[in-house]
Structures are given as C-alpha cells and as structure tokens.
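Everything below concerns the one structure shown next.
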Amino acid sequence: MKFTFRQLEVFLATARQENLSKAATVLAMSQSAASDALKELEHQFGIRLFDRVGKRLQLNDFGRLLQPRAEELLSRAAELEQALSVHQGIGAIKVGATLSIGNSLCVPLLEKYRRQFPDSHISLDVGNTELISNKVANFELDIGLIEGEINNPALEITRWRDDSLVIFCSKEHPFAGKKWLTHADLVDARWIVREAGSGTRQTFDRVMHDLLPQLHIELELQHTEAIMQAVKAGMGLGCLSRLTLDAAFAQDTLVPLQARDRDFSRSFYLIIHKHKYKSAAIEHWLQLCLAQSE
C-alpha cells in the first residue's frame, strides 16, 4: 500500500481546517511533519489535492472527490480497531444538534445511548442549523439533528418529528389577555428573535413573510434562554419552539399567544453526508432517534 492512514488523516484535517498549521494542531503533530505527510501523499501518486487561495488551502476537484472515500476508509479502520480492542465498544460518534433540539431532546437520547453502550464515546456539538449542516457536510460531525430546512446535495435528509413555534409574551404585556393577535398587533409589537441562520428564524421569517418589512425587530439573540429572559423582562414578544417553552407556560412565567391565519408548524430533520460510512455507532444512534420520532 503506497499511502498511510496518517497521510489520509493529514489530508482530511487540512480539508476541514483549510490550513496546514491548524490541521497539525488538531492532529497533535508538528507542522513540518504534517507538511511532509501531505507532500508525500501527493508525490507518490503525482497529484495535487489543494489549491492555495490566499492563506487557505482549498480542496480542488480531485480532492473533493477523494474526501468522502478517505473519510469512509478511516471510519471503517477505526471501527475495525475498536472491534479488535479488549473493550469491545461500538466506536465513537460526533453528533450535532440545533439549540431547540439540543436543549430539549438530546439529553434523554444521550442518556439512553450511554446506558446501552457505556464504553462508547459520544460528543454533542450545539449550534444553529447553518453551522450544524455545514459541519456535517464537511465531515466534522457524523450526524446532525436540525430544525431548519436546507438544500444541500451532499446531505441525506430524513424528516424526523413535528414541532411548532409559539409566540409568547410576559404576564404584564398588554397582549397577555388577548385571545388572538391581529396583523396590526404583530406590526405594532417589538420582537426578540433568533439570529439569521437558525431554523427557528427561518420558520419565523417564512410565516411572517408578508409582514417582515414592517416588523420591529428589537433584538436578535443566539440563545433561547436569553430570548425568554428578555421577553420576561417586558422587552417585546418572542417566538420559539414549543419544546423550549412548555415548562415556562406550565409555571405561568410566560404567556402563549395565537396569531390569526399564521401556521407555525414545522419539522425536525436528521442529516448525514451521503458518502458517510454508517458505523455501528451511527446506526444505533439513528435507530434510537427514529424510535422516538413522536
């Protein structure tokens, strides 16, 4: 065999980081050793895998073709190594989840997974839909659980479960006693919403598309808890997943509102790269998620 797994590791780390020095840091090796490994891989086969764009190393067409095959090969090798080890675990898995899902649904899933496979390592990365989907597409995460709709031909997208957004306000807000919010109410209100790139904001913008130019967006925040606290303080209306609000509604610290002729229903999705090798760990995580699709 003309190449080594270490050479492939350097290639993949450089593809993700777009920088050889950062790739070397991730792999805990010197920059010169990483550079030698990459050069030797290219030299052995008379190929180039990257184009230099400023200070970045960007995959060329052949490098993009090779990346999913190298990812699959290393995943299979890692699974084989795990099977040969004395611990007999099912391997590691890197899961990504958007905020609403990560804060509300992932903890019980993680607990069940760890109970079934106590010797296996699982990590959770939480971010917005855009961030998680990009990391899955770039093989930085094995699987993603997202709340926004995406269109990425590299990803396999499976509808997972239903959800809906809910408009809410503080107990002291003038709208707290209203049965229905009118179009005029929505325009008059001040809003505390999620940032662009989040699935929650995507749904909010879709439902409110006819009123968007007229809405008063007071704050855009990245964290659901910060939005809830801002709304509780009387700074405006919020609109978040019902999953994140049920406890506050039950405790009567926030008030749900309904908007006439506005459908805030949406879906959650499971995403994985189409060329990602589905190891035993990934298969078990998928089965666990799909078993709790309602």
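Before moving on, here are some points about what is shown:
- Among the residues making up region 120-155, those that are in a strand (DSSP E or B) and either touching a His at 6+ places or on another chain (Cβ under 7 Å) or surrounded by 15 or more Cβ atoms within 10 Å (Cβ to Cβ) (or both) are Ile122, Leu124, Asp125, Val126, Gly127, Ile143, Gly144, Leu145, Ile146, Leu155.
- Looking only at region 96-119, and only at residues there that are closer than 14 Å to Ala280 by Cα and not in a helix (DSSP H, G or I), the one that is modelled with the lowest pLDDT: Asp119
- Inside region 219-247, residues that are among the acidic types (Asp, Glu) and modelled with pLDDT under 95 make up a count of 2.
- Hits in region 161-199 - residues which are under 26 Å from Phe139 (Cβ atoms) and either touching an Asp or Glu at 6+ places or on another chain (Cβ under 6 Å) or crowded, with 21+ Cβ neighbours inside 10 Å (or both): Glu195, Gly197, Ser198, Gly199
- Contacts under 8 angstrom Cβ, first residue in region 206-218 being in a helix (DSSP H, G or I), partner at pLDDT 95 or above and of a type in the set (Phe, Trp, Tyr), 6 or more apart: Val207/Phe264
- Search result, residues across region 248-289 that are among the hydrophobic types (A, V, I, L, M, F, W, C) and modelled with pLDDT under 90: Ala280, Ala281
- Filtered residue count, region 242-294, keeping only those that are closer than 21 Å to Thr98 by Cβ, of a type in the set (A, V, I, L, M, F, W, C) and part of a strand (DSSP E or B): 4
- Thr253 satisfies every condition listed in (1) under 20 Å from the mean Cα position of the chain (by Cα); (2) over 26 Å from Leu80 (Cα atoms); (3) among the hydroxyl-bearing types (Ser, Thr, Tyr) except (1).
- Residue selected from region 40-69 under the condition part of a loop (DSSP other than H, G, I, E, B) and among the hydrophobic types (A, V, I, L, M, F, W, C), by the criterion surrounded by the most Cβ atoms within 10 Å (Cβ to Cβ): Leu49
- Residues in region 246-294 that are loosely packed, with under 13 Cβ neighbours inside 10 Å and free of Cβ contacts under 8 Å to residues at least 12 places away in the same chain: Ala247, Ala250, Gln251, Asp261, Glu283, Gln287, Ala291.
- With respect to the stated conditions, Ile167 is aliphatic (A, V, I, L, M) and under 25 Å from Val231 (Cβ atoms).
- Gln222 meets all of the listed conditions (1) under 22 Å from Asn152 (Cα atoms); (2) surrounded by fewer than 17 Cβ atoms within 10 Å (Cβ to Cβ); (3) not hydrophobic (A, V, I, L, M, F, W, C); (4) not assigned by TED's automatic domain parsing to the domain that holds Thr98 but one, namely (1).
The values are calculated or read from the model by the stated rules, or taken from the named source; none is laboratory data. These figures come from a predicted structure and were not determined experimentally. All Cβ positions, glycine included, derive from the backbone under ideal geometry; neighbour counts span all protein chains shown.
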